[in-house]
Amino acid sequence: MFIYLSKKIAIPNNTKLRALAWNREQGYIACGGEDGLLKVLKLESQSSKDVKMKGLAAPSNLSMNQTLEGHSGAVQVCTWNEHFQKLTTSDQYGLIIVWMLYKGLWYEEMINNRNKSVVRSMQWNADGQKICIVYEDGAVIVGSVDGNRIWGKELKGMQLSNVAWSPDGKSLIFGMTNGEIQIFDNQGNFCNKMVLYCLTNVTGAVRIAGMEWYNGTDGFVEPNCPCLGICFDNGRCQIMRHEYDEAPVLIDTGMQVIGIAWNHCGAVLAVGGSQKSQQQDRDINVVQFYTPFGEHLRTLKVPGKSMQSVSWEGGSLRIALAVDSFIYFANIRPDYKWGYCSNTVVYSFTKPDRMEHCVVFWDTKNNERFVKYVKNLMSITACGDFCCLSTRADDQSGQYVLVLCNSIGTPLDSKYIDIEPLYVSMTASHIIAASKEAFYTWQYTSPKKLAMMDVGQYSAQRKDGREKLFHIDDTPSGGGEGLTDFTKALQPTRDLICCITASEKLLVVARESGTLHRYTMPNFALVHKHVLNCRPHQLALNCNSSRLAVVDIAGVLTFFDLDTRVTDSTGQEILGEHLKFERKDVWDMKWAEDNPELFAMMEKTRMYIFRNLDPEEPILSSGYICHFADLEIRSVLLDEIMKEPELPNKELVIDMEIKSLRDSRDLLEKVGIADASQFIEDNPHPRLWRLLAEAALEKLDLPTAEQAFVRCKDYQGIEFVKKLGNLQSESMKNAEVAAYFKRFEEAERVYLDIDRRDLAVNLRVKLGDWFRVVQLLKTGSGGGEDVLLEQAWNAIGDYYADRQKWQNAVTYYVQGRNQERLAECYYMLEDYPGLESLVHSLPENHKLLPEIAAMFVTVGMCQQAVASYCKCNKVKAAVDCCVQLNQWNQAVDLAKAHNMKEIDSLLAKYATHLLEKDKIVNAIELYRKANHFLDAAKLLFKIAEDETKKKTKPLRIKKLYVLAALLVEKYHELVKLTSKSKAKGKRQEASSALAGLLEEDASTMDSKVIDNAWRGAEAYHFYLLAQRQLYNGYVDAAMKTALHLREYEDIIDPVDIYSLLALAACANRAFGSCSKAFIKLESLDNTSQDQKETFLELALEIFTKHSAKDTRTGKAECTSCESVIPDWCSVCPSCDQKFSTCVVTGRPLLDYQFWMCQTCKHRAYEQEIGSRATCPLCHAVIG
């Protein structure tokens, strides 16, 4: 930052000032002094139409100068309540007055006087709701904004001098006249005593000069930033993160302090007071400026005898100082973190609600903003098309990061380094970062890579010679050496680095002693050391690296000629000369990029442009210089931008022309080309020659224009002049010149006036203004324009498509018959019927059909995709699409229709893949969709068998068997259908059905699966039925069903079957059948010895009580031989007639009439099925 005194206001009658307070919101300045003096002033900048006159450059006048009457004694304390526009003041007699603003003037609102003691300090809390007043005798009063007393307290035995609220309003800290500081809560309860680390080893009495707690309303410089400043009159100061901070920042200012003040964002602490002068015997007034981390920024010397108070303006661009009977104002030029690259201003600011820095990439050409949030940002450096963000690493490694970004904030590359990048310089190929002891160089791009825009290609290669590290005390020869160990770079040096600058040829590093180290680029050989008689603060090399601009810490600009050889006082010839030229109060400067003798500098609120050290007339401005080329200077009013950083205005970027450009323009406009040509000959510059060429073109002075284009090396301009020379018509020449200067409407009008509509159309075609092309074509009646009109429709369609206005684009593509883009629009609009109709309209084998088919595939529209592929004879792609969308049946049909062999192998391969991954259900679904029902059924039977072994719930096993059996039924139907489709004519239906059965029998390797499809389902159906009947009390029916289960020993565990039979028979008192079941259980091989003994004991227990005979046996008549048989018998003993079993009751079917399921072909008694809606076995709906 840079600071300089800018204004002085005298108080009438030489009344000495005691207090000063600047309202940061509304801009009022309250100053209190002796004899009851209290004034409210307001400095307002005059509004000017000239943008350059904004900010500090604008002249300011007092818009208010009101004397407030009410105090009789010296006003010692002034404090503002900015939220409610109130001023609170107190004098030496303890009188407190609250002032309010009414109709533009200040009036008394409240008065209070304890008449006991004097007020030493007053402060409002952060939201302006409460004020804390402390008296010298230890009394503390906390009141509300409306004048009510909230609480009061007498701190016995204490003499108070200062008070400060914590930012959250939960704590108060009180300063005592003996230098102690105590912490209280907001209700006045004592919490703790503050440890004052800065007074270690201090003897004697000390007084608190200032206690300031920044409340964080404008964000913090970085997370966990110190914000509580405490300073004593002896110059000792400590800055704390909170009131209990055990490691505060300690500063010894070496001055007698009278007060401190934070700027608006807590980034700078101003410490005001006096200091012993080395040159003079008396004390001089100074203000020292520090960062929250204790780094000294600047010193401001102030005239006068005794400074009394320090106060910042709201935006921290000015500071007010009360000295004797004067108010001094100093302007501050902050060191913003900013840069400029390829028409983009990159700047950062902090937000109160975010810990990161908000970095804005503002494209001043298109007025677009790109916002990035960066943690621990240290600096921004820019050059060419790139910028470099220096940050502190977020982890605890202690490293730093250099992030290379493009002009929209996209990170392209980054490097972690172990030295702190306090000073960063950037060229078109290198980034140089320096700490106090060493500097690091990173060749982030080479000319070849720059042309390819491939910046991050080799970012992973760390030590390939693109990165180098040097200690400042090293003397590199340029042979590629450099430190490889970062720890060596941290070794201390007596003479620290204080600034750096670099160009394509040289790197210059300045040390605090004034020594300059000159290195060649890019091999970094130390070629010379120069000595300056000042301590540099800022360096800049001109465009040919022959002269160095040096701004020292006092703001004095001097120049050093690097290549001049001079003789020193000893008679020796030395390289380099420090020129006598000198300018004071310089805070910014920029060399011209195309002239080594041109530079611009900012001196206070004026911009000076120098040509070979001769100044032009100054321009009032407070802008920061971005760019100086082509005799134009671009500067940006960062002060104004920072007022609303999220909404920068293009008016805040100012382009200024230097005098020679302005003079040339005036000569061309007012005198003539000949005089202007002579002036430009005397002051040559490519920009001036270009200006002359353009003026000559306007007047059709082609020889002068050609000569000027030659002088500014504009080949296109020379060609254009030759083209004009070949034209015969004056009107044609005027039209071409108008088009050259982008006055296209004028050029078109001229073309139309001379009846050359074709040239007007060509002009609009070149410009891409297709809407106007269509208008021009429609007004004419020339032949051969249909092709151009079609091109125009398509171009307009492209215009809308680029902006994603697909519906509008469709309208124009239809007119332009652009089927490719039409397909894309339909796809983006999800207009699949439109896409389908487009397929129908296209001829066979059209190149667009596969692309449309691919679009259908992406949205799962298999049928339409297949139709598209088939229309262009890409059957293989159609099959692949079916496979991809899991439509295997369609894939198989396609393959069979086109005699493709590979579908079965592909199907088998995919099924094997699924089975290997144990996705059996997926494999079943795959086979089912591909009409391979038998393969699917086999897998389902396998699952059912596995579930049977696991003793899973019988209902689940039954479901699996039913599903498998249904798949077998589907297989039967498929075989019949395929046989029928092969047969020709109705007469062959019977023979085709027979052929189908024979084909089925011949093609089936595992006839067991087909023949016994329903067997597993039947077994578990009757097993579940028997248990249901038993539990419902139908014991006879349960026994008959269990007797039928004996046929399914191969499916259900015989132990389960005969256990169920024994239980049902016992319940039915059919002890004969029960006995047979126990005999079977005892004889089974798969039962253990323990089980057999259990069965034996149970049988003994039953049959000792009951004889082994069936007490009730129902009889029935065989439907074949009419023999009388038991009603549970499923086979007639006489004639071996087998009876079907009723799926409802589990009894044998002995009736001539019965019901049969159309799906599973199982039967039931008609009277039993009547009340049911579905088949009990397969659950098919009964029709």
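The values are calculated or read from the model by the stated rules, or taken from the named source; none is laboratory data. Values in this document were obtained by computation on a predicted structure and should not be read as measured data. With ideal geometry, Cβ positions are generated from the backbone for all residues, glycine too; neighbour counts draw on all protein chains shown. Side chains included, ligands, DNA and RNA excluded: accessible areas come from the protein's heavy atoms. Shrake-Rupley method; radii C 1.70, N 1.55, O 1.52, S 1.80 Å.
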Out of the residues in segment 394-433 that are open to solvent by less than 10 Å² (accessible area, probe 1.4 Å) and part of a loop (DSSP other than H, G, I, E, B), which is farthest from LEU506 (Cα to Cα)? GLY409
If a residue must be farther than 25 Å from ARG803 by Cβ and part of a loop (DSSP other than H, G, I, E, B), how many such residues does segment 818-860 contain? 7
Would you confirm whether or not segment 216-226 contains a residue that is surrounded by fewer than 18 Cβ atoms within 10 Å (Cβ to Cβ) and polar (S, T, N, Q)? yes
Filter segment 299-335 for residues that are open to solvent by less than 20 Å² (accessible area, probe 1.4 Å) and among the basic types (Lys, Arg) and give the result. ARG333
For ASP495, which of the numbered conditions (1) out of contact with any His (no Cβ under 9 Å at 6 or more places or on another chain); (2) buried (at least 16 other Cβ atoms within 10 Å of the Cβ); (3) at pLDDT 90 or above fails to hold? (2)
Determine if segment 600-610 includes at least one residue that is surrounded by 15 or more Cβ atoms within 10 Å (Cβ to Cβ), of a type in the set (A, V, I, L, M) and touching a Ser or Thr at 6+ places or on another chain (Cβ under 6 Å). yes
Conditions: (1) part of a strand (DSSP E or B); (2) modelled with pLDDT under 95; (3) of a type outside the set (Gly, Ala, Ser); (4) within 45 Å of the chain's Cα centre (by Cα). ILE29 meets all but one. Number of the miss? (2)
MET64 fails exactly one of (1) part of a loop (DSSP other than H, G, I, E, B); (2) more than 30 Å from MET602 (Cα to Cα), namely (1)
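Determine if segment 289-298 includes at least one residue that is among the hydroxyl-bearing types (Ser, Thr, Tyr) and within 23 Å of GLN538 (Cα to Cα).
Step one: list which residues in segment 289-298 are among the hydroxyl-bearing types (Ser, Thr, Tyr), which gives 290-291.
Now restrict to residues that are within 23 Å of GLN538 (Cα to Cα): 290-291.
Within segment 289-298 (the criterion being among the hydroxyl-bearing types (Ser, Thr, Tyr) and within 23 Å of GLN538 (Cα to Cα)), the answer is yes, since at least one residue qualifies.
Could you tell me how many of the residues in segment 816-843 are of a type in the set (S, T, N, Q) and surrounded by fewer than 16 Cβ atoms within 10 Å (Cβ to Cβ)?
Keep residues of segment 816-843 that are of a type in the set (S, T, N, Q), which gives 818-819, 837, 841.
With the extra rule that they be surrounded by fewer than 16 Cβ atoms within 10 Å (Cβ to Cβ), the set shrinks to 837, 841.
Residues that pass the stated criteria total 2.
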So how many residues does segment 683-704 have that are open to solvent by 70 Å² or more (accessible area, probe 1.4 Å) and touching a strand residue (DSSP E or B) at 6+ places or on another chain (Cβ under 9 Å)? 0
Just checking, does segment 560-567 include any residue being at positive phi, open to solvent by 20 Å² or more (accessible area, probe 1.4 Å) and not polar (S, T, N, Q)? no
GLN707 fails exactly one of the following numbered conditions: (1) in a loop (DSSP other than H, G, I, E, B); (2) open to solvent by 30 Å² or more (accessible area, probe 1.4 Å); (3) in contact with a helix residue (DSSP H, G or I) (Cβ under 9 Å, 6 or more places away or on another chain); (4) of a type outside the set (Ser, Thr, Tyr). What is the number of that condition? (1)
Answer yes if at least one residue in segment 48-62 is within 22 Å of VAL302 (Cβ to Cβ), touching a residue at least 40 places away in the same chain (Cβ under 8 Å) and small (Gly, Ala, Ser), and no otherwise. yes
Could you tell me how many of the residues in segment 613-623 are closer than 16 Å to GLU582 by Cβ and part of a loop (DSSP other than H, G, I, E, B)? 1
Test for TRP338: is it touching a helix residue (DSSP H, G or I) at 6+ places or on another chain (Cβ under 7 Å) and surrounded by 15 or more Cβ atoms within 10 Å (Cβ to Cβ): yes
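I need the full set of residues from segment 611-645 which are of a type in the set (D, E, K, R) and open to solvent by less than 20 Å² (accessible area, probe 1.4 Å), in order please. Steps first, please.
Of segment 611-645, the ones of a type in the set (D, E, K, R) are 611, 614, 616-617, 630, 632, 634, 639-640, 643-644.
ASP639 - this is the single residue of segment 611-645 that is of a type in the set (D, E, K, R) and open to solvent by less than 20 Å² (accessible area, probe 1.4 Å).
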Would it be correct to say that GLY465 is part of a loop (DSSP other than H, G, I, E, B) and either surrounded by 21 or more Cβ atoms within 10 Å (Cβ to Cβ) or modelled with pLDDT of 90 or more (or both)? no
Take the residues in segment 1095-1109 that are without any contact (Cβ under 8 Å) to a residue 24 or more places away in the chain and surrounded by 13 or more Cβ atoms within 10 Å (Cβ to Cβ); name whichever of them is nearest to the chain's Cα centre (by Cα). PHE1095
Checking ALA1064 against (1) open to solvent by 10 Å² or more (accessible area, probe 1.4 Å); (2) closer than 19 Å to TYR1020 by Cβ; (3) hydrophobic (A, V, I, L, M, F, W, C), which single condition isn't satisfied? (1)
Going through segment 571-594 one residue at a time, which ones are in contact with a strand residue (DSSP E or B) (Cβ under 8 Å, 6 or more places away or on another chain) and either assigned to a loop (DSSP other than H, G, I, E, B) or aliphatic (A, V, I, L, M) (or both)? ILE574, LEU575, LEU579, PHE581, GLU582, LYS584, ASP585, VAL586, MET589, ALA592, GLU593, ASP594
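Say whether the condition of being modelled with pLDDT of 95 or more and open to solvent by 10 Å² or more (accessible area, probe 1.4 Å) is met by at least one residue in segment 525-533.
We begin by selecting, within segment 525-533, every residue modelled with pLDDT of 95 or more; these are none.
Within segment 525-533, not a single residue is modelled with pLDDT of 95 or more and open to solvent by 10 Å² or more (accessible area, probe 1.4 Å).
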LYS42 being within 48 Å of the chain's Cα centre (by Cα), open to solvent by 60 Å² or more (accessible area, probe 1.4 Å) and among the charged types (D, E, K, R): no
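Please find, among LYS1076, LYS1040, the residue that is closer than 16 Å to PRO1126 by Cβ, touching a residue at least 12 places away in the same chain (Cβ under 8 Å), out of contact with any Ser or Thr (no Cβ under 7 Å at 6 or more places or on another chain) and of a type in the set (Lys, Arg).
On the way: LYS1076 fails: touching a residue at least 12 places away in the same chain (Cβ under 8 Å).
Criteria check complete, one pass: LYS1040.
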Tabulated pairs, segment 914-935, first open to solvent by less than 70 Å² (accessible area, probe 1.4 Å), second basic (Lys, Arg) and in a helix (DSSP H, G or I), C-beta under 8 angstrom, 6+ apart or interchain: ILE920/LYS942; PHE933/LYS970
Give segment 81-131 a look and list any residue that's of a type in the set (Phe, Trp, Tyr), in contact with a Phe, Trp or Tyr (Cβ under 9 Å, 6 or more places away or on another chain), open to solvent by 20 Å² or more (accessible area, probe 1.4 Å) and within 18 Å of GLU69 (Cβ to Cβ), or say none. TYR107
